[in-house]
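Have a look at the structure below before the remarks.
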Amino acid sequence: MASPHIMAVVTPYTVPAGLMDVLQVALLVLVAAGATALVLTRDPLRQVVLLSVYGVLLAVLFMAFQAPDVTLSALTVGAVILPALLLLTLAKVRRREK
Amino acid sequence: MTPVQRRWIFLGAIAALVAFYLWGLSGLPGFGNYPGPYGDVINRVAVAQTNATAVVSAVNFSYRGFDTLGEEFILFVAASGVSVVLRHLRGEQERDDASADWAMPRATDAVRLAALAFTGPIVLVGWYLAAHAQTTPSGGFQGGVVLASAFVLIYLAGEFLLFKRISPVDITDAVEAVGSGGFAVVGLAALGMGLAYLANFLPRGSTPGAVSSSGTIALISFFVGLEVAAAFLLIVAELVEQTLLARQEAR
Amino acid sequence: MQIFPFVVVAWILAVGLYGIVTSRHLVHQIVCLIVAQSSTYVLLLGVGYKTGAVAPYFFDVPDHTPAVDPVVQALTLTDVVVGAAVTALLLSLAVQAQKRFGTLDPQELVQLRG
């Protein structure tokens with residue numbers, strides 16, 4: 001017998017299923033377009049900026065798939081940590097390329 | 001093999017792969033018709049069994065804790081691998097510390113203000129996320145990366161010497177070791193008490209979803225947060241140090 | 001809508017692999033690898049989704065509300081973080097490759113020996 005929760009706010013699921021479908025389809029199309037743009041950009045420095053945007057798009061898609069934990073990880077990793085690592089690497093290799 | 005030939009071979013291979021994948025897909029239930037039963041069973045019993053309202057964290061640190069231990073060790077090895085691969089080659093030496101700050105272009109005042117103003121709140125948010133794994137969408141992994149991004153902010157603000165001083169390699173190494181070792185030791189402690197490895201042996205608390213409930217889940221999440229933050233800090237510090245190395249001219 | 005997310009997964013994977021095969025810069029190749037990895041995250045979350053279900057957090061919804069599968073979410077969330085660390089390892093290999101061989105072009109690196 002489960003003891004009563006500390007219920008903060010009761011949030012019933014009020015989004016109609018059709019609207020959720022439209023949202024998910026739109027986000028999936030955006031993610032596919034973002035992936036294509038990311039691959040077709042040949043300059044790594046521009047790719048870093050696009051990767052940040054792609055990370056945010058992925059995070060919103062994961063939210064639409066009812067996965068807030070994955071959203072948090074993907075947002076931080078894709079928008080902050082990965083661009084920081086890539087920019088540091090590019091700073092190092094570009095200095096040697098000159 | 002010329003690049004054009006490579007491209008055509010690739011296109012043939014990927015067409016075959018996608019066709020095979022779509023053929024396999026036709027036998028699955030469609031999107032949105034998840035048949036269960038494992039996910040449904042866990043959703044039903046997790047809150048009663050572990051007193052944790054965040055079922056994903058309960059799965060991560062209790063039901064499938066062993067897999068998470070393995071993933072954490074991958075993280076540990078990747079951080080060590082970065083340190084090993086980026087060791088100083090023969091003939092490289094680090095530029096003088098005093099010229100390090102000066103050699104980089106100075107960050108503008110707007111960047112410095114924003115970065116330094118947000119560092120405190122981000123550390124707070126990271127700590128909150130690592131400590132609340134069992135109540136709301138949070139957990140050691142998310143909290144750890146948010147904490148690591150606070151350190152990246154300090155570097156971006158141009159305070160490079162401060163960054164070096166607050167991330168000494170030995171202390172960060174020790175923190176990372178405590179994080180991953182702590183997780184393994186919690187499992188061994190359960191073994192020592194005669195239960196299975198990584199069994200949940202701490203008191204579960206009375207109300208589900210409180211910060212102090214759910215036994216070992218909160219403890220493991222704290223250790224994981226330490227380890228992830230330290231691993232990413234080590235990786236970023238190694239890469240930053242690489243941008244400072246100057247090669248002596250070969251004679 | 002029944003198979004559209006999975007078709008998008010196949011597209012992202014194909015695009016990522018195309019980028020890896022035809023790349024002329026190691027860092028560009030690593031970013032294409034990141035894209036290919038992200039297709040697996042979308043696949044995992046798509047498999048566990050139930051129409052009309054909520055996220056598996058019962059802090060503010062009553063127990064036994066229909067929820068999506070938590071196991072695939074647990075897998076994906078550790079994957080995202082560990083994938084970033086492995087990417088860092090690949091980037092450090094790229095840095096050392098440029099120091100040893102002087103070039104970041106994967107098609108030239110194949111021909112250099114010793």
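The values are calculated or read from the model by the stated rules, or taken from the named source; none is laboratory data. Remember, it's a predicted structure, so these values are computed and weren't measured experimentally. Glycine gets a Cβ as well: all are built from the backbone with ideal geometry, and neighbour counts include every protein chain shown.
Quick notes
- Criterion (closer than 30 Å to B:LEU233 by Cα and outside any helix (DSSP H, G or I)) met by exactly one of C:LEU77, C:LEU104, C:LEU90: C:LEU104
- Against the test of being surrounded by 21 or more Cβ atoms within 10 Å (Cβ to Cβ), free of Cβ contacts under 8 Å to residues at least 60 places away in the same chain and of a type in the set (Val, Ile, Thr), the options C:VAL7, C:VAL31 yield a single qualifying residue, C:VAL31.
- Cβ-Cβ contacts under 8 Å between residues 6 or more apart (or on different chains), taken from a first residue in segment A:12-35 that is within 29 Å of C:ASP63 (Cα to Cα) and at pLDDT 85 or above to a second residue that is part of a helix (DSSP H, G or I) and of a type in the set (Gly, Ala, Ser), are listed as A:MET20/A:ALA64; A:LEU23/A:ALA64; A:GLN24/A:ALA64.
- The set of residues in segment B:13-29 being under 25 Å from A:GLY18 (Cα atoms) and surrounded by 15 or more Cβ atoms within 10 Å (Cβ to Cβ) consists of B:LEU25 alone.
- Taking helices (runs of 4 or more DSSP H) as the structural unit, those lying wholly within segment B:131-200 and holding at least 2 residues that are surrounded by fewer than 22 Cβ atoms within 10 Å (Cβ to Cβ) and within 14 Å of chain A (Cβ to nearest Cβ) correspond to B:140-156, B:160-166.
- Near pairs, Cβ below 6 angstrom, 6+ apart or cross-chain, from segment C:80-91 (facing another protein chain (nearest Cβ under 7 Å)) to any residue that is among the charged types (D, E, K, R): C:VAL82/B:GLU71
- Subset of segment A:45-71 [under 11 Å from the mean Cα position of the chain (by Cα) and without any contact (Cβ under 8 Å) to a residue 24 or more places away in the chain]: A:VAL53, A:VAL56, A:ALA59, A:PHE62, A:MET63, A:VAL70, A:THR71
- Of all residues in segment C:10-28, those being farther than 13 Å from A:ALA35 by Cβ, free of Cβ contacts under 8 Å to residues at least 40 places away in the same chain and buried (at least 20 other Cβ atoms within 10 Å of the Cβ) number 1.
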